[in-house]
Amino acid sequence: MIGEILAVGMTIAVVAIASAISQGWVGSRAMDAMARQPEAASTIQTSLLLSLAFIEALTLFTFVISVLLWTRI
Amino acid sequence: MGENIKKMGQIVDYLAPYPVFQLGPVTITSTVVNTWIVMGVLFVVLFLATRRLEQLPRGKQHVVELVVEFVWGIAEGLMGRIGRQFLYLTGTLFVFILSLNLAWFIPGLRPPTMDLSTTAAFAVTTIFLVQLIHIKKKGIASYISHFTFPNPLLAPLNLVEEFVRPVSLSLRLYGSIFGEKMVVTILFMLLPFFAPVPAMLLGALLSTIQAFVFTLLTTVYLYIHMHGH
């Protein structure tokens, strides 16, 4: 019982750590670039949103797996 | 403690779609009915908003032109003038997915994108359409050589990448909307009326971003197919 609950929780927790670190990295680089060249801010903003969505998608795949595990307990 | 976990496990059953009625051999689920209601509201709103189009926009025509210019800006930023012919596909995707994601503003509805069927239908149809557009605009020879681009040995990898695109598109949209709904429902069970509000605000923002990302990715895939890698 404990093992099953732990599995469901750890699945999301570990993936969220990696996703948060990488999204923070991407965001900080984008802000540096936007501060260096404000006239390109719109292009950088579009690319930033695209990158964030890709990284977020990995977390969401794992979330779906975790929900599947949760309903099997 | 086990029964509390099992009680919260019923949330997935609560949020799952349920069949409403049968039309011959096809079961109509609640997701399809929600989609019909959103389609009806969208038809009425857009019909009233584009009644008398004038050269100099006034009033509600501004909003419509805002949306069109937004989608046109995405396509033009990537592809230039030739992006104009794809405005129908990407514009429809953006407006439809945005209204489906925000369908919970109509009381009693749940967003139909909370069901994997809807998002999978969107993704598979879009990717299939991109292949057809490529074949129609540039011919079959260009389509086959598109997969053997750097080296014919890499053709299986290119094929796998092409097949993974609908999977990732559908799961991205499904996961974010379903996850947001589940968080709001759990918060509502714990502390009604106050706790769900920040989650719902975040959910509204996230829904818009997901619709935008779907449209942007479709435009990027169209660009890749029209211009080579």
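No lab work stands behind these numbers, since they all come straight from the coordinates. This one's a predicted model, so the numbers in the text were calculated from it and none came from an experiment. Cβ sites come from the backbone with ideal geometry, for glycine too, and all protein chains shown count toward neighbours.
Structural remarks
- Other protein chain Cβ atoms within 10 Å, averaged over every residue that makes up B:90-98: 0
- Theoretical FRET efficiency, 1/(1+(r/R0)^6), r = Cβ-Cβ of residue B:92 and residue A:7, R0 51 Å, to 0.05: 0.80
- Kirkwood radius and radius of gyration were both taken over the C-alpha atoms of the protein assembly as shown, and their ratio Rg/Rh is 0.99.
- Mean Cβ count within 10 Å, highest first, over the residues of peptides B:68-74, B:140-146: B:68-74, B:140-146
- Kirkwood Rh, angstrom, the stretch A:1-70 [1 / mean 1/r, Cα pairs]: 13.7 Å
- 37 °C / 0.692 mPa s Stokes-Einstein diffusion coefficient of the stretch B:89-140, Kirkwood radius on C-alpha pairs, µm²/s: 262 µm²/s
- The helix-only estimate of mean residue ellipticity at 222 nm for chain B, built from DSSP H runs of length n ≥ 4 each weighted as -39500 (n - 2.57), is -26000 deg cm²/dmol after division by the residue total.
- Degrees between helix B:87-101 axis and first principal axis of chain B (Cα, 0 to 90, nearest 10): 10 degrees
- Partner chain coverage, peptide A:53-64 - average Cβ within 10 angstrom: 6
- At 1.002 mPa s and 20 °C, Stokes diffusion of the stretch B:28-73 via Kirkwood alpha-carbon radius, µm² per second: 174 µm²/s
- Estimated distance in nm for a label pair at residue A:21 and residue B:148, the labels positioned 7 Å out from Cα along Cα-to-Cβ: 4.2 nm
- Rh by Kirkwood over Cα pairs, then Stokes-Einstein D for the stretch B:100-173 at 1.306 mPa s and 10 °C, µm²/s: 111 µm²/s
- In plain terms, the residue of B:56, B:206 with the fewest other Cβ atoms within 10 Å comes first and the most crowded comes last, giving B:56, B:206.
- Where N is the number of residues in the stretch B:2-227, Cα Rg divided by 2.2 N^0.38 Å: 1.19
- Inter-chain shielding of B:166-174 (mean C-beta neighbours from other protein chains, 10 Å cut-off): 3
- Separation of the stretch A:46-73 from the stretch B:125-201 is 12 Å, based on Cα centroids.
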